[in-house]
Amino acid sequence: MELSHRQASNQRRSLRILIVNTLYPPEIIGGAEVSVSLLAQALSRNHHQVSVVSLHDARSTAVSDMKGVRVYRLQIDNDYWPFGRDRKPSRLQRLKWHLRDTWNRKAAKRFAEILDIEKPDVVHTNNLTGFSVALWSEARRRNIRIVHTLRDYSLLCKRSTLFKNGATCERRCTSCAAMTASSRLASRLVDAVASNSQYVLDRHQRLGYFSGIPERVIFNIADTSALAPAAAPSDEDDLTFGFIGRIEAEKGIDVVLKATELLPDTGWQLKIAGSGLESDVREFKARHPSDRVKWLGFAKSQDFYAGIDVCLISSVWPEPLPRTLIEGISAGRATICSTAGGIPEISGFSNLIGMYQPSDHRELAGLMLKGIDEAARWKKSLPPRPDFAEKFTPETITREYLEMYSADS
């Protein structure tokens, strides 16, 4: 297929690209940091000049070069560092923090200094918690093209999840609506918006965000080369279910554990990989004791998928596009998926046992029982469809973003 004139031009011309995300590796709390770093590195390999601006828990700016990408780490201009805390700040402290984060002038001023140093052709913003959308005004003031990628719900919800009291927020609470009003108004400053799922994009646009602005769904780069389909983990009769991710209610671990209590005493086991607050993990273990549940702690993805038959994608919050589902499909594992968020948009690419409504542990147990009854079928490792892998390659994702970076896209 011949490239359009614009596509060919983008591939020939080296761009100065400034990417913004709250955190950047080795600071990782979720999939966004991984996705942003993979994109930055892929763009750099394509001979574009790429720099990244992120935050760190220090009182000064640090600059380094990582795999061809210049990384600026700025201090956070707010009352406390919100990540990895053992104790939750008081309600008053949190309110003060979020109010400052609606439009953080100090953060915007620091960002402006980097804009004047880097002089980018395009600013590509992602998660902006800790920076605020005030950064957009500085790029607009300098007539720099702005592309924003939606990777969570932080522009709509101060918890970033649209999830509260064990359920998805179908309507926003008054406080979130008030504290995100500036984000909705500022979204008009953006030249183009991308999202890693249609679900997330729709939730924003229904509330008036990015109205009339060019849009596109672009998946995340997924380096799944180490997750080639492998043989079933063992010759045992037991069907091995697997959960990998943060050990917290939003990820559905409680739903999974409740479902196991409805299963027979034989024919299955569950491996749980990941970490969470120690108090939460202790509570889950105490509430759901079982010799058939193995708590692995941290595990490398390659080792985890090689040791299971069925991957449980159990989020109860509207997760945009879980990397664990992409990895599970790439590893050739069967899946059982909740219908939360953007999960249904790619679940059909998997060897799917079935889908269930988030929080419905009885429906999940029924699908797990189906898997146990047909264990021989679901133990077979199936390679992903060729068109699936193509959607997540660095070549595909960088091409799609370079098209958005173009002023005539």
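What follows is calculated from the coordinates using simple rules that are stated; it is not laboratory data. The structure displayed is predicted, hence computed values, not measured ones. Glycine gets a Cβ as well: all are built from the backbone with ideal geometry, and neighbour counts include every protein chain shown.
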- prompt: Taking the chain as a Gaussian network, Cα atoms linked when under 10 Å apart, which of ALA194, ALA42, ALA178 shows the biggest mean-square fluctuation?
  reply: ALA178
message: Taking the alpha-carbon distance from LYS96 and a cut-off under 26 Å, which lysines remain once sequence neighbours fewer than 8 residues away in the same chain are dropped?
response: LYS88, LYS106, LYS109, LYS158, LYS164
query: Helix 105-118 versus the longest principal axis of the chain: what is the Cα-based angle in degrees, 0 to 90, to the nearest 10?
result: 80
- prompt: With labels modelled as points extended 7 Å from the Cα through the Cβ direction, what inter-label distance (nm, one decimal) is found for LYS96 paired with ARG59?
  reply: 1.7
message: Modelling each spin label as a point 7 Å along the Cα-to-Cβ direction, I'd like the ARG188/ASP223 distance in nm, to one decimal.
response: 4.2
query: Cα axis of helix 278-287 to longest principal axis of the chain: angle in degrees, 0 to 90, nearest 10?
result: 30
statement: Residues ARG59, ARG246 in order from fewest to most other beta-carbon atoms within 10 Å are ARG59, ARG246
query: What residues qualify as long-range amide H neighbours of ASN78, i.e. H under 5 Å apart, gap of 5 or more or another chain, H built at 1.01 Å from N?
result: none
message: Can you compute 3J(HN,Hα) from phi for each residue in the stretch 319-334, using the Karplus curve 6.51 cos²θ - 1.76 cosθ + 1.60 with θ = phi - 60°, rounded to whole Hz and x for Gly and Pro?
response: 4, x, 6, x, 4, 4, 5, 4, 5, x, 5, 5, 7, x, 8, 5
- request: Measure out, as a whole number of angstrom, how far apart the alpha-carbon centroids of the stretch 110-161 and the stretch 21-36 sit.
  value: 15
field: Partner lysines for LYS271 [C-alpha distance under 16 Å; skip if fewer than 8 residues away on the same chain]
entry: LYS251, LYS258, LYS285, LYS294, LYS300, LYS379
message: I'd like the GluC sites (Glu not before Pro) in the stretch 311-407 restricted to DSSP loop residues with at most 16 other Cβ atoms within 10 Å, sorted by number.
response: GLU374
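Fewest first, what order do GLU215, GLU261, GLU170 take by the number of other Cβ atoms within 10 Å?
GLU170, GLU261, GLU215
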query: Once label points are set 7 Å from the Cα along Cα→Cβ at both ARG142 and SER275, what is their separation, rounded to one decimal in nm?
result: 3.6
query: ³J(HN,Hα) across the stretch 130-144 via Karplus (A = 6.51, B = -1.76, C = 1.60, θ = phi - 60°), whole Hz, x for Gly/Pro?
result: x, 9, 5, 6, 4, 4, 4, 5, 6, 5, 5, 4, 9, 6, 9
message: Given the stretch 225-385, report the % of alpha carbon pairs whose separation exceeds 20 Å.
response: 44
- prompt: Can you list the HN-Hα couplings for the stretch 32-40, worked out from phi with the Karplus curve (6.51, -1.76, 1.60; θ = phi - 60°), rounded to whole Hz and with x for Gly and Pro?
  reply: 4, 5, 5, 4, 5, 5, 5, 5, 4
- request: Determine the gain in length on full extension of the stretch SER211-LYS67; use 0.36 nm per residue of separation and subtract their C-alpha separation, reporting nm with one decimal.
  value: 48.2 nm
- prompt: Amide H neighbours of VAL53 under 5 Å, counting only residues 5+ apart in sequence or on other chains, H built in-plane at 1.01 Å?
  reply: ILE19, VAL20, ASN21, TYR72
Semi-axes of the equivalent ellipsoid for the chain, Cα gyration tensor, largest first, Å: 37, 25, 19
